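The values are calculated or read from the model by the stated rules, or taken from the named source; none is laboratory data. The structure displayed is predicted, hence computed values, not measured ones. As a convention, Cβ positions derive from the backbone with ideal geometry for all residues, glycine included, and neighbour counts pool all protein chains shown. Note: areas computed on protein heavy atoms with side chains; ligands, DNA, RNA excluded. Shrake-Rupley method; radii C 1.70, N 1.55, O 1.52, S 1.80 Å.
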Amino acid sequence: MSHGNENPRVALGRSTPLLAVLLLLLAVWFGWSAFSQWRQTGTGAALEQSRDQAVAEVRKVIATQTSQFGKQLEQEPVKAALANGDATAALLAVRDKWNGVEDAQLFDAVLAQAYADPASFGYSRLALLELALAEGKPVARVVRDSGGPRLGLAAPVQLQGQAAVIYIRQPLTRLTTVFDPIDSPGNAFLGLRQGNFTIVQKGDGSLGGGADALARPVEETGLRVVAELPNPVEGPMGLGMFSCLLVSLLLLATVLLLLFGRKRLSRLAALGRKQEDPALDSGLTLHEALQQEPLPVSPAAAARAARDETPAPEPGAEAVVPGIFRAYDIRGVVGTELTANVARLIGQAIGSQMQSQGLRDVVVGRDGRLSGPELADALIEGLRRSGCDVIDIGLAPTPVVYFASYHLRAGSCVAVTGSHNPPDYNGFKIVIGGETLSGDAITDLYARIQEGRLQRADTPGDLQQREVIADYVQRIADDVQLDRPLKVVADAGNGVGGAVAQQLLEAIGADVIPLYCDVDGSFPNHHPDPSDPNNLQDLVQTVKRFDADIGVAFDGDADRLGVVTKEGRIIYADRLLMLFAADVLARNPGAMVIYDVKCTGKLSDYILRNGGSPMMWKTGHSLMKAKMRETDAELAGEMSGHFFFKERWYGFDDGLYAAARLLEILAQRDEEPSEVLDELPDAISTPELKVAVAEGTQHALVALIVATAQAEDSALANARVSTIDGLRADFNDGWGLVRASNTTPVLVLRFEADNEAALERIKGVFADLLRQVLPAETELGF
């Protein structure tokens with residue numbers, strides 16, 4: 001019989017060797033890919049070990065030198081020279097037996113010589129001297145001196161009873177030689193940075209652009225050790241290491257079955273021959289064969305059928321406390337409420353929610369808090385455990401994380417940030433599918449963890465590192481450019497905004513004087529909350545000292561903005577929103593502008609006069625963004641300093657972008673910035689006032705206050721009352737507000753009036769109202 005009429009089963013037996021060879025080649029391909037990815041995993045572990053070693057060694061060098069500085073100052077010759085006012089003798093004595101000192105100088109505490117020409121003196125040296133005076137102890141930083149980078153040290157002293165500061169210059173080799181014995185992978189990148197300046201590097205320099213993704217700070221030094229892995233090795237069809245290994249093993253098993261199961265194939269061939277001879281055909285169909293020998297049931301399937309399928313909580317779920325799941329985000333105290341295991345479970349819960357919506361890609365970034373790297377790593381592990389593919393952008397302000405979710409087309413992101421909270425706090429701001437989670441969506445993550453509704457993928461999701469800060473700066477600079485240069489002081493409060501603020505504002509044409517722009521999660525200079533006037537005093541003084549046009553300040557994750565004029569006046573966010581609204585409405589007449597209940601009563605009229613549609617809404621960045629999407633508003637803002645631009649931007653809150661838009665508007669005007677800002681309507685007002693109450697009672701208390709105010713005989717009977725967020729009462733000559741904080745156990749109050757008498761009257765009305773509801777021992781404080 002010719003091969004053209006050959007039975008297919010007979011042909012299958014004859015083609016087995018060729019098929020086995022093809023499958024074997026595929027198995028080798030997938031196996032090699034799995035090995036390459038495993039080898040890169042080893043590179044990652046080695047790089048992290050090298051990075052951590054570098055952090056420890058740099059910390060040791062800095063600690064040794066600052067300790068030596070302190071010992072030198074305690075020597076009797078130094079103390080005697082300082083007491084006698086002999087600066088020259090004091091400097092000689094300080095340098096005595098201290099190897100490596102290149103220069104020593106003494107300055108009075110006013111730093112008149114430095115501020116006379118700060119550009120020539122060096123901003124970094126000036127910042128070092130100011131830091132030493134503020135800290136009251138020896139400090140060290142990398143500075144530019146004598147035409148190049150040096151290790152600078154400074155310490156405060158008393159020169160014949162007058163405050164002064166001693167500056168020591170040392171060679172940079174004190175730090176760079178630390179990296180010589182470190183055996184880091186040659187195909188990766190390892191470096192030491194201060195701000196955007198790379199002090200020393202090893203390995204593949206082309207990878208340096210994204211090295212902040214694996215960065216670790218050297219505490220209290222302004223330095224960080226940065227690291228970056230080579231581009232990830234992708235498997236065939238984008239499969240990860242475990243997937244490639246599994247496919248390779250399955251292909252090998254198939255080859256073995258083909259090669260060593262030839263007897264079964266021979267039997268198939270015999271069956272083919274039987275079919276040619278009806279006398280030899282047994283006549284069994286496939287259905288009959290399966291009835292004689294049914295397909296086996298897998299043990300796992302049998303176990304699933306035999307047991308109750310109710311999911312059980314993951315190990316450690318009992319440690320997740322409900323109190324950290326707040327109205328707008330997740331936030332808690334590190335080490336007690338927020339641990340690596342809690343972050344891992346939260347990541348898995350977020351990933352499970354994403355998977356339920358058919359989403360897979362997510363961006364993760366973190367602020368500069370010391371707990372950030374550990375929590376970010378654990379969060380990423382949880383996200384990948386659920387099957388999500390993670391893009392880690394490393395150290396980045398929250399607005400840059402939001403931007404990356406658009407720029408990288410992920411649609412979802414998590415910012416690991418404690419925002420403006422104290423250093424021992426941290427948390428997560430979450431966006432899923434373009435929607436910022438709040439309220440029930442936040443608490444549902446807690447429910448998922450406790451009920452065990454957490455997805456665990458067979459293969460963890462992929463992980464890649466990306467650097468997007470340069471793209472963020474370029475995107476803004478392509479759209480915003482100043483018509484004339486403005487001198488601006490930028491105070492990042494040692495928050496993560498310091499990694500971006502100077503380069504962004506310089507990119508749009510500003511002359512920038514950085515203040516506390518070195519990222520330090522301990523926030524050594526002041527709390528990073530520009531809504532508190534006490535935190536703006538250093539900015540006010542620096543603006544005056546440098547005769548700058550304006551000063552801008554950012555909170556810990558740079559999604560909020562504060563502003564001061566050259567005369568030292570604070571321009572609160574509701575008045576800034578007036579300026580932004582007039583600018584946006586000039587191009588978008590009739591557009592909706594949303595503001596929160598804490599904003600000035602003059603804002604609504606201002607928006608109307610400029611052709612806009614004002615809307616007052618609840619306080620909270622996630623609530624504001626949701627209302628913007630619902631109403632298609634072009635602009636929104638909060639008294640806390642959150643500004644949301646949909647016009648020319650993406651609609652998320654971004655303090656850095658708001659600063660750029662502010663400078664753009666001011667540079668277009670012929671008047672001085674202070675004159676432009678002074679033209680905005682103003683009134684006599686209080687800052688936010690806070691009344692502490694028992695934990696968890698603030699919302700119930702506000703409900704009682706609202707009920708009391710709505711009584712017929714209430715003193716608010718003639719006021720225009722709004723209860724969308726607490727109780728706001730607008731009178732003809734002012735207004736008052738009381739609302740429950742969504743983040744802390746306090747009542748938040750604010751008052752505004754046309755004159756002092758009206759302000760005191762409105763405050764008295766609210767004080768009487770609160771006394772009817774609050775316990776007698778409660779301190780109102782106003």
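Based on C-alpha pairs under 8 angstrom that are at least 6 apart in sequence, the range 584-686 has a relative contact order of 22 percent. Note on ASN534/ASP204: beta-carbon distance plugged into 1/(1 + (r/R0)^6) with R0 of 45 Å gives a FRET efficiency of 0.45.
For the range 714-782, what is one quarter of the convex hull surface built on the Cα atoms, given in nm²?
Working: hull surface 19.8 nm².
Its average projected convex-hull area is 4.9 nm².
Within the straight-line cut-off of under 12 Å between alpha carbons, the aspartates and glutamates reachable from LYS602 are ASP574, ASP682, ASP730, ASP733, GLU752, ASP754, sequence neighbours fewer than 8 places apart in one chain being disregarded.
D by Stokes-Einstein for the range 600-674, Kirkwood Rh over Cα pairs, 37 °C, 0.692 mPa s: 244 µm²/s.
Using R0 = 22 Å, the C-beta based FRET efficiency linking THR778 and GLN710 works out to 0.55.
Hey, what did the range 484-557 get for relative contact order, percent, Cα under 8 Å, at least 6 apart? If you can, show how the numbers build up before the last one.
On the way: 149 pairs, mean separation 33.1, N = 74.
About 45 percent, as a whole number.
Between SER356 and ALA757, the distance separating the two model label sites (each 7 Å from Cα on the Cα→Cβ line) works out to 5.9 nm.
Taking every Cα-Cα distance in the range 300-442 and sorting them into 5 Å bins from zero, the calculated P(r) comes out as 2, 11, 20, 23, 20, 12, 5, 4, 2, 1, 0 percent.
Taking 7 Å steps out from each Cα toward its Cβ at GLU451 and ARG629 produces label points 2.2 nm apart. Over 21 Å between C-alpha atoms is what I'm after, so list which of LYS598/LYS625; LYS690/LYS763; LYS625/LYS646; LYS625/LYS763; LYS429/LYS625 land there. Cα-Cα > 21 Å for LYS625/LYS763; rest within.
Provide the gained length on full extension for the span SER685 to SER522, in nm with one decimal, where the gain is 0.36 nm per separating residue minus the Cα-Cα distance. Write down the numbers at each step before the final one.
Working: separation 163, 0.36 × 163 = 58.68 nm, distance 3.24 nm.
So the extension gain works out to 55.4 nm.
Largest first and in whole Å, the equivalent-ellipsoid semi-axes of the range 569-608 read 18, 12, 8, each the square root of five times a Cα gyration tensor eigenvalue.
Per residue, the accessible area of the chain comes to 43 Å², computed with a 1.4 Å probe over protein heavy atoms only. Here LYS71 is the anchor, and the lysines within straight C-alpha reach of less than 30 Å, apart from those fewer than 8 places off in the same chain, are LYS60, LYS79, LYS97, LYS137. Have a look at the DSSP beta bridges in the range 343-450 and tell me what percent are antiparallel, nearest 5. Bridges in the range 343-450 that DSSP calls antiparallel: roughly 40 percent. Sorting TRP29, TRP735 by solvent-accessible area of protein heavy atoms yields TRP29, TRP735, largest first, with a 1.4 Å probe.
Spin-label model, ASP440 to MET615: label points 7 Å out along the Cα-to-beta-carbon direction sit 2.0 nm apart.
Legend: residues LYS618, LYS60, LYS763, LYS544, sorted from most to least accessible area (1.4 Å probe; ligands, DNA and RNA excluded), read LYS60, LYS544, LYS618, LYS763.
Can you sort LEU249, LEU656 by solvent-accessible area, 1.4 Å probe, largest first? Intermediate values should be presented prior to the final figure.
Details: LEU249 100, LEU656 0 Å².
In descending accessible area the options line up as LEU249, LEU656.
Starting from 0.36 nm per residue, how many nanometres of slack lie between GLU695 and SER120 once their C-alpha separation is accounted for? Mind dumping the intermediate values first?
Values: separation 575, 0.36 × 575 = 207.00 nm, distance 5.37 nm.
Additional length available on full extension: 201.6 nm.
Per-residue ellipticity at 222 nm from helix content only, as computed over the chain with -39500 (n - 2.57) for each DSSP H run of at least four residues, stands at -13000 deg cm²/dmol. Of the peptides 385-392, 448-455, the ranking by mean beta-carbon count within 10 Å, highest at the top, reads 385-392, 448-455. Stretched out straight at 0.36 nm per residue, the stretch from PHE35 to ARG484 would grow longer than its current Cα-Cα span by 156.0 nm. Solvent exposure of GLU314, expressed as accessible area, is near 30 Å², computed with a probe of 1.4 Å over the protein chains only. As a size descriptor, the averaged projected area of the C-alpha convex hull of the chain was calculated at 46.6 nm². Between THR176 and GLN113, the FRET efficiency estimated from the beta carbon spacing at R0 = 22 angstrom works out to 0.15. Looking at the chain, the DSSP beta bridges with both ends there are about 70 percent antiparallel.
Based on the reciprocal of the average 1/r between different C-alpha atoms, the Kirkwood radius for the range 533-624 equals 14.6 Å. Note on THR708: accessible area approximately 40 square angstrom, rounded to 10, probe 1.4 Å, nucleic acids and ligands left out. Pairs of Cα atoms nearer than 8 Å and 6+ residues apart set the relative contact order; for the chain it is 9 percent.
The charge dipole of the range 530-654, taken about its Cα centre with unit charges on the Cβ atoms of Lys, Arg (+1), Asp and Glu (-1) only, comes to about 280 debye. When the surface is traced with a 1.4 Å probe over the full set of protein chains, TYR115 keeps roughly 40 Å² accessible. Accessible area of the chain with a 1.4 Å probe: how many percent of it is carbon plus sulfur? The value for the chain is 52 percent carbon and sulfur by accessible area.
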